[in-house]
Amino acid sequence: MNHLKSMTITQIGAVLKELGQPAFRAKQVYTWLHKGVRSFDEMTNLPKALRDTLSERYPLRIPEVVRKQESQKDGTIKYLWKLSDGNCVETVLMRYHYGNTVCISTEVGCRMGCAFCASTLGGLVRQLEPYEMLDQVLFTQVDSGLQVSHIVLMGIGEPLDNLDNVLRFLELVNSPEGMNISMRHISLSTCGLVPKIDELAEKKLQISLAISLHGPNNEIRNKIMPVNKAYPIEELLDACRRYYQETSRRIHFEYAMIDGVNDTQEHAKELLSRLKGLPAHLNLIPLNHVEESPLKPSTKAAVAAFQKTLEDGGLTTTVRRTLGSDIDASCGQLRRKYTKQNTL
Ligand code: SAH
């Protein structure tokens, strides 16, 4: 975490103190960094000598836009960024009635191995540093000119497999001197790393926890989500109950509907009984077809029937609109395409 933008104000203060600077400079530097400046020279209220020293010792390593695609249908914008080491990650900006939401990546690649997901096809390359998550939000806002009010950690990567960096990112993006985005406007999605869910619960943050469930039982989850072999569904749901006890935040479940795999009436009933008594919301997502995968999305009729059974059983559900479907806006697809084109 020796990048200046991964540091708290206190830590920046310590760096500046060593450089013989007065205490008030910490807040100045922090505020500039969190505005998304591209160089220390933009920090006009700092002495020139200090700007020079900082840029030498703490290069800003600004991500570059390598692709930008804008949906003609709904205004969704997808960015493919090149990081300072040449790796690429994706960020999606979605425009909802309640505000602009960015979906950020937390890792380059992923090692969770879910069968339907494009992000995991090449495995994990590396975890992202806190500033690299923050930069996705900052530079999406700067580039688009649109104010970001909500964040979802649902891009490439498994956030709970990079928990320390994610926690720092949350602290930074929530700070009043920074972007000041409310924890209640942030969602973190996990495939189900139980010990990490408990670790997160202990922090008692007011973020929403989203669980990628995608199946009502171990048999189905084992087939499509290898993580289930380590942390079976019973343990996962117990962790969700503990999370609710600690935070009083309703749990959001995500359920990608896959034709013939998890979308029958029996599955809907089984899901209802599994989630009974747990304050929950279920998001049904028609599977986004990934080229390399044989899995297909459920039919519209299957999705509607599934939803009806759940609603009749008292569970609140939404069918997620597929924003940006004309621009490869689902997880990992753009990076995958770009990496393939540039290695073949
Ligand atoms: N690793 C985290 C967050 C990233 S994925 C997690 O697993 O939750 C964000 C969401 O998109 C997850 O619910 C994931 O299961 C889902 N997803 C991935 N590939 C998908 C696809 N092809 N179609 C629909 N949803 C998909």
Expected single match for within 16 Å of the ligand (Cβ to nearest atom), free of Cβ contacts under 8 Å to residues at least 60 places away in the same chain, open to solvent by 60 Å² or more (accessible area, probe 1.4 Å) and touching an Asp or Glu at 6+ places or on another chain (Cβ under 9 Å) among Lys203, Lys196 is Lys196
Test for Leu236: is it open to solvent by less than 60 Å² (accessible area, probe 1.4 Å), in contact (Cβ under 8 Å) with a residue 24 or more places away in the chain, touching a helix residue (DSSP H, G or I) at 6+ places or on another chain (Cβ under 9 Å) and more than 30 Å from Gln11 (Cα to Cα): yes
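Okay, residues lined up against (1) closer than 20 Å to Ile62 by Cα; (2) of a type in the set (A, V, I, L, M):
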residue	(1), (2)
Val108	yes, yes
Arg111	no, no
Cys114	no, no
Thr120	no, no
Leu124	no, yes
Gln127	yes, no
Val137	yes, yes
Thr140	yes, no
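Check the stretch 261-269 and report whether any residue there is in a helix (DSSP H, G or I), surrounded by 15 or more Cβ atoms within 10 Å (Cβ to Cβ) and assigned by TED's automatic domain parsing to the domain that holds Cys114. Full working, then the answer.
Pass one, the stretch 261-269, residues in a helix (DSSP H, G or I): 265-269.
Subsequent filtering for residues that are surrounded by 15 or more Cβ atoms within 10 Å (Cβ to Cβ) retains 267-268.
Next, only the ones that are assigned by TED's automatic domain parsing to the domain that holds Cys114 stay: 267-268.
For the stretch 261-269, residues in a helix (DSSP H, G or I), surrounded by 15 or more Cβ atoms within 10 Å (Cβ to Cβ) and assigned by TED's automatic domain parsing to the domain that holds Cys114: present.
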Selection from the stretch 168-192 of residues open to solvent by 20 Å² or more (accessible area, probe 1.4 Å), under 30 Å from Arg221 (Cα atoms) and either within 16 Å of the ligand (Cβ to nearest atom) or assigned to a loop (DSSP other than H, G, I, E, B) (or both) yields Ser187
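Can Pro294 be described as of a type outside the set (A, V, I, L, M, F, W, C), within 15 Å of the ligand (Cβ to nearest atom), surrounded by 14 or more Cβ atoms within 10 Å (Cβ to Cβ) and more than 23 Å from Pro159 (Cβ to Cβ)? Show your work before the answer.
Values: of a type outside the set (A, V, I, L, M, F, W, C): yes; within 15 Å of the ligand (Cβ to nearest atom): yes; surrounded by 14 or more Cβ atoms within 10 Å (Cβ to Cβ): no; more than 23 Å from Pro159 (Cβ to Cβ): yes.
The answer is no for Pro294.
Pull up the stretch 107-163, narrow it to residues that are polar (S, T, N, Q) and within 16 Å of the ligand (Cβ to nearest atom), then point me to the one that is surrounded by the fewest Cβ atoms within 10 Å (Cβ to Cβ). Let's see the steps before the verdict.
First, the residues of the stretch 107-163 that are polar (S, T, N, Q): 119-120, 127, 136, 140-141, 144, 147, 149, 162.
Within this subset, residues satisfying the condition of being within 16 Å of the ligand (Cβ to nearest atom) are 119-120, 127, 136, 162.
Working: Ser119: 26, Thr120: 23, Gln127: 19, Gln136: 29, Asn162: 22.
Once the filter is applied, the top-ranked residue is Gln127.
The values are calculated or read from the model by the stated rules, or taken from the named source; none is laboratory data. None of the values given here were measured: they were computed from a predicted structure. Here Cβ is always computed from backbone atoms with ideal geometry, including for glycine, and neighbour counts include all displayed protein chains. Heads up: the accessible areas ignore ligands, DNA and RNA and are worked out on the full protein's heavy atoms, side chains in. Shrake-Rupley method; radii C 1.70, N 1.55, O 1.52, S 1.80 Å.
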